[in-house]
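Below is one structure, written out as structure tokens; comments come after it.
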Amino acid sequence: MDLNKITSPSFLKGLNKKQLEALAQEIRTFLIEKCSVTGGHIGPNLGVVELTIALHKAFNSPEDKFLWDVGHQAYVHKILTGRASKFDTLRQYKGLCGFPKLVESEHDEWETGHSSTSLSAAMGMAAARDIQKGKNYVVPIIGDGALTGGMALEALNHIGHEKTNMIVILNDNEMSIAPNVGALTGVLGRLRTAKEYSRAKEDLERLMHKIPVLGDKLASTAERVKDSLKYLVVSGVFFEELGFKYLGPIDGHDFEALEDTLEYAKKVKGPVIIHVITKKGKGYKPAEEDTIGTWHGTGPYKMENGEFVKSAVKGPAWSSLVAESVRKCMEKDERIVTITPAMPVGSKLEGIQKQFPERFFDVGIAEQHAATMAAGLATQKMKPFLAIYSTFLQRAYDQVVHDIARPNLNVFIGIDRAGLVGADGETHQGVFDISFLRHIPNIVLMMPKDENEGQHMVKTALDYEGPICLRYPRGNGIGVEMDAEMKALPIGSWEVLREGHDATILTFGTTIPMAMEAAGSLALQGIQVKVVNARFIKPMDEAMLHELMQEGSPILTLEESMLQGGFGSAVLEFAADHGYRSAIDRIGIPDQFIEHGNVDQLLAEIDVTAEETERRIKALLQKQVGSSV
């Protein structure tokens, strides 16, 4: 079958088992080939090929609603809904999104890049359907890792309480990005091995139907026997106690089992959960053998052996640099504890996990819990390091405000993937953290210019008493020489990287090279621009700001973060608060969500470039001359 010619999943209705299996193999080959060039979430998608085909065969999208939790397992869904021809552009600038996207297709009912949201959204859709007297099915597909998220558990509780008609697919592959952790994973493990329970329950139910009912007493006795059997074989049967009809576990790669179970579920009144066991990476040996999450999402690779295609880099990965610096400090300070919400691999924490297992906690996909747990540790004179992606820290905002900053606790938050991250797009761009952290009292927020300053900032954070955040980008450092010993930096101190008297650029982190390039170009034109490494975003170096604004030369702020509430806003606030009338302009992320693509392309699209920096400096100088005439 030519996958590029698929326009609708309706063609699946007429396929037999043999044809479905052939289609599944063809889709796997297609995905392995395409992702070897573009990169992407290959492991999760190889694991849901049969499941996705079976869902589209059993239901009628878009009338029936599929909600893919997290969304990185929706590639097969995209192929079956007419987007195979666009896979050469997957996660590329202006190309096919790596997640479900409402504007891409009528079959994409829910946009998501963060986990654990599908059940709440499904409850909203089901409630709307019932109010509007609709008859369609609502089918959220959620992974076992995402089920550890508090939001998912809240939704399960509500759906079961309301007895809402809904078919929940629990895609259980025993992994999210890294191997799953937590007590709920143990529950699922017991269910996976409790096939005897399902068979025994069915046998008992058939037997009871054959026994004449001799009154309420016998009927109630039968119910107690059923309950006793349930608890005897599977301790706690979690989902049934929440009000769900539990079906499974079933083999998520067996078309007959999937079809029979889905057809049965469609006839059940109230909420149903189908527990499907799948193999992440199925059909591609390197991905199948992955036990730590390396093949969850990858860059390009060689199809024949799974070897990753690595681009030339100069310095260490930022995540590795920060994690290794923390590990070295942990060797000298037993108070330091590391916490991650399911990202030990992404945040390169494996070295800490191996060397200090008793002081390392992977709490699963539970960002709020991670933040408040860090606060609890801090109350007991420990020094917790919370390693978390910028975009996931958004989920723990209240915990940062209420549990960490308000009592001024000694928590070090490592904000990984700060700034634009590229291919993962809108849901993963780490551009909001400055705006949602800067206004919180007691918070210190910093970002290094290079990896050497980065290791010193780790030391600064671990020496500091109080809540402190270190932003660091995705990707690698620039390859600078590293000092042998880490040292703490004075809180709130900036440094001048280039002298100049005509204008000043205040910047930090990833935009420093941009500022230096612009200043160099302007120098050739006779314009001398000072470049300041404003490495402490909060508190700012007020002494230097007073000096700059008293001099009266124009100031341009440059940041790879949101303009609204960002660093530039802080400089404007300082000027207003102290009555300065310096000419100030700002470059940063405008008031919009930034889609997926190469970071340089995205920055060029929104005019965060050396060329725009140069143009803005000239405009400020012209404005200053004009106002003085």
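The values are calculated or read from the model by the stated rules, or taken from the named source; none is laboratory data. From a predicted model like this one, the values you see are computed outputs, not experimental measurements. Neighbour counts run over all protein chains shown; Cβ positions are idealised from the backbone, glycine included.
Tabulated data for the structure shown
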| quantity | calculated |
| --- | --- |
| Cβ-Cβ under 6 Å pairs, at least 6 apart or on other chains, the stretch 495-508 side within 13 Å of ASP541 (Cβ to Cβ), far side surrounded by 17 or more Cβ atoms within 10 Å (Cβ to Cβ) and of a type in the set (Val, Ile, Thr) | VAL496/VAL532; THR504/ILE555; LEU506/VAL532; LEU506/THR557 |
| Single residue of ILE617, ILE527, ILE587 found to be surrounded by 14 or more Cβ atoms within 10 Å (Cβ to Cβ) and assigned to a loop (DSSP other than H, G, I, E, B) | ILE527 |
| Meets criteria (in contact (Cβ under 8 Å) with a residue 12 or more places away in the chain, under 21 Å from GLU595 (Cα atoms) and of a type in the set (Asp, Glu)) for GLU154 | no |
| Residue within the stretch 329-341 that is closer than 21 Å to PRO44 by Cβ, at pLDDT 90 or above and not hydroxyl-bearing (Ser, Thr, Tyr) present | yes |
| Residues (of a type in the set (D, E, K, R) and surrounded by 16 or more Cβ atoms within 10 Å (Cβ to Cβ)) located in the stretch 122-169 | ARG129, ASP144, GLU162 |
| Qualifying positions in the stretch 150-173 - part of a strand (DSSP E or B) and modelled with pLDDT of 95 or more | MET166, ILE167, VAL168, ILE169 |
| Which numbered condition THR379 misses (of (1) closer than 26 Å to GLU426 by Cβ; (2) hydroxyl-bearing (Ser, Thr, Tyr); (3) out of contact with any helix residue (DSSP H, G or I) (no Cβ under 9 Å at 6 or more places or on another chain)) | (1) |
| Test set (1) part of a helix (DSSP H, G or I); (2) among the acidic types (Asp, Glu); (3) farther than 22 Å from HIS296 by Cβ; (4) in contact (Cβ under 8 Å) with a residue 40 or more places away in the chain - GLU33 fails condition number | (3) |
| Of the criteria (1) more than 21 Å from LEU470 (Cβ to Cβ); (2) touching a residue at least 24 places away in the same chain (Cβ under 8 Å); (3) aliphatic (A, V, I, L, M), which one VAL309 fails | (2) |
| Those residues of the stretch 307-354 which are crowded, with 18+ Cβ neighbours inside 10 Å and of a type in the set (Val, Ile, Thr), in sequence order | VAL322, VAL326, ILE336, VAL337, THR338, ILE339, THR340, VAL345, ILE352 |
| 3 or more residues of a type outside the set (A, V, I, L, M, F, W, C): qualifying helices (runs of 4 or more DSSP H) within the stretch 361-447 | 367-379 |
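Quick grid of which residues meet (1) in contact (Cβ under 8 Å) with a residue 60 or more places away in the chain; (2) in contact with a helix residue (DSSP H, G or I) (Cβ under 9 Å, 6 or more places away or on another chain):
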residue	(1), (2)
ALA515	yes, yes
SER521	yes, yes
ILE537	yes, yes
ASP541	no, no
MET549	no, yes
GLY552	no, yes
GLU559	yes, yes
